Amino acid sequence: MYRTGIGYDVHQFAEGRPLVLGGVEIAHSHGLAGHSDADVLCHAIADALLGCMGLPDIGHYFPPGDDTIEGISSLKILEKCRDLGEERGVVIQNVDSSMIAEAPKVLPHAEAMKKNIATALGISTGQIGIKATTNETMGFVGRKEGIAALASAMIFLPD
């Protein structure tokens, strides 16, 4: 059967941290606050995939209080999702995502992000959509306080 899932994540900007989106370090004055590398795009994708499989969210597998995973690459989180899927015979059909940020411009990095995500999930870059938009200066994103991301995923789950 085919199943879909959605994911959402948001992180505040933080000084003194690199900005990592889709496993790509992007030059910016601030990174994102979080226990891992705070890759908001990977986190939204992970939750979409876990939702497809009917599994708990990423906090269940990567709890923020676990010091052993502090600072890990969120690509490792996607690899865990891939592994959980493989254990169940899941075939990832596609992933689509949107990042919401006033700055920096992220689309120039979309192809590199797709490559990283595809490698982590064991799928082709053609199965991944990455888009970006602003929040038209409204709300916390519009005030440049952080970045949000949405993702959807479709999997094939055998009986």
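Scanning the range 96-108 for residues that are touching a Leu at 6+ places or on another chain (Cβ under 7 Å) and not in a loop (DSSP other than H, G, I, E, B) gives S97, S98, M99. Against the test of being of a type in the set (D, E, K, R), within 17 Å of the chain's Cα centre (by Cα) and in a strand (DSSP E or B), the options K115, K76, K131 yield a single qualifying residue, K131.
For the range 61-103, the tally of residues that are within 30 Å of G142 (Cβ to Cβ) and touching a strand residue (DSSP E or B) at 6+ places or on another chain (Cβ under 8 Å) stands at 10.
With respect to L41, determine if the residue is under 18 Å from K144 (Cα atoms), assigned to a helix (DSSP H, G or I) and not hydroxyl-bearing (S, T, Y). Yes: the conditions hold for L41. Scanning the range 21-33 for residues that are surrounded by fewer than 24 Cβ atoms within 10 Å (Cβ to Cβ) and either touching a helix residue (DSSP H, G or I) at 6+ places or on another chain (Cβ under 8 Å) or closer than 22 Å to I128 by Cβ (or both) yields a total of 4. Could you tell me whether the range 92-104 includes any residue that is more than 15 Å from the chain's Cα centre (by Cα) and within 19 Å of D37 (Cα to Cα)? Yes, some residue in the range 92-104 is more than 15 Å from the chain's Cα centre (by Cα) and within 19 Å of D37 (Cα to Cα). Take the residues in the range 130-145 that are touching a residue at least 24 places away in the same chain (Cβ under 8 Å) and at positive phi, then tell me which one is surrounded by the most Cβ atoms within 10 Å (Cβ to Cβ). This residue is K144. Within the range 7-20, restricting attention to residues that are part of a strand (DSSP E or B) and over 11 Å from the mean Cα position of the chain (by Cα), the residue that is surrounded by the most Cβ atoms within 10 Å (Cβ to Cβ) is L19.
Since every read-out is calculated from the coordinates, none of them should be taken as a lab result. Only a predicted model underlies this, so the values are computations on that prediction, with no experimental measurement involved. Counting neighbours? That spans all protein chains shown, and the Cβs are built from the backbone with ideal geometry, glycine included.
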